[in-house]
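K.L.:
I have a structure here, written as structure tokens, and I will follow up with some questions on it.
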Amino acid sequence: MYVCVCNGLNENTVREAARKNKGSFSAVKVYETLGVKPQCGMCLCDAQNICNTEKQNAESS
Ligand code: FES
């Protein structure tokens, strides 16, 4: 499922990038890691929710 249609990012791509981007679980930072920038911004809430979940997972492990 696509999270960001503008940049063609699916959920797994965003989730993996959030995991690798230790110390920063900001959606914008994760997009930077992937070499893209938000365009329309419609995806940022969903992307941030994915990042928040990964942050919680990292903190609980
Ligand atoms: S859907 Fe992600 S920037 Fe437009």
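K.L.:
Go through segment 18-40 and report how many residues are within 11 Å of residue 54 (Cβ to Cβ) and touching a Phe, Trp or Tyr at 6+ places or on another chain (Cβ under 8 Å).
P.N.:
1
K.L.:
Picking from 35, 41, which residue would you name as being within 9 Å of the ligand (Cβ to nearest atom) and part of a loop (DSSP other than H, G, I, E, B)? Steps first, please.
P.N.:
Working: 35 fails: within 9 Å of the ligand (Cβ to nearest atom).
Only one candidate passes the filter, namely 41.
K.L.:
Please verify whether residue 28 is within 12 Å of the ligand (Cβ to nearest atom), of a type outside the set (Ser, Thr, Tyr), closer than 26 Å to residue 60 by Cα and touching an Asp or Glu at 6+ places or on another chain (Cβ under 7 Å), treating the condition exactly as stated. Walk me through it before giving the result.
P.N.:
Details: within 12 Å of the ligand (Cβ to nearest atom): yes; of a type outside the set (Ser, Thr, Tyr): yes; closer than 26 Å to residue 60 by Cα: yes; touching an Asp or Glu at 6+ places or on another chain (Cβ under 7 Å): no.
So residue 28 does not fit the description; no.
Residues checked against (1) among the aromatic types (Phe, Trp, Tyr); (2) at pLDDT 95 or above; (3) surrounded by 15 or more Cβ atoms within 10 Å (Cβ to Cβ):
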site: 4; (1), (2), (3): no, yes, yes
site: 20; (1), (2), (3): no, no, no
site: 30; (1), (2), (3): no, yes, yes
site: 35; (1), (2), (3): no, yes, no
site: 40; (1), (2), (3): no, yes, no
site: 46; (1), (2), (3): no, yes, yes
site: 61; (1), (2), (3): no, no, no
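K.L.:
Going through segment 1-25 one residue at a time, which ones are more than 10 Å from the ligand (Cβ to nearest atom) and in a strand (DSSP E or B)?
P.N.:
Matches in segment 1-25: 10 only.
The values are calculated or read from the model by the stated rules, or taken from the named source; none is laboratory data. Everything numeric here is computed off the predicted structure, so don't read it as measured data. We place every Cβ from the backbone using ideal geometry, glycine too, and count neighbours over all the protein chains shown.
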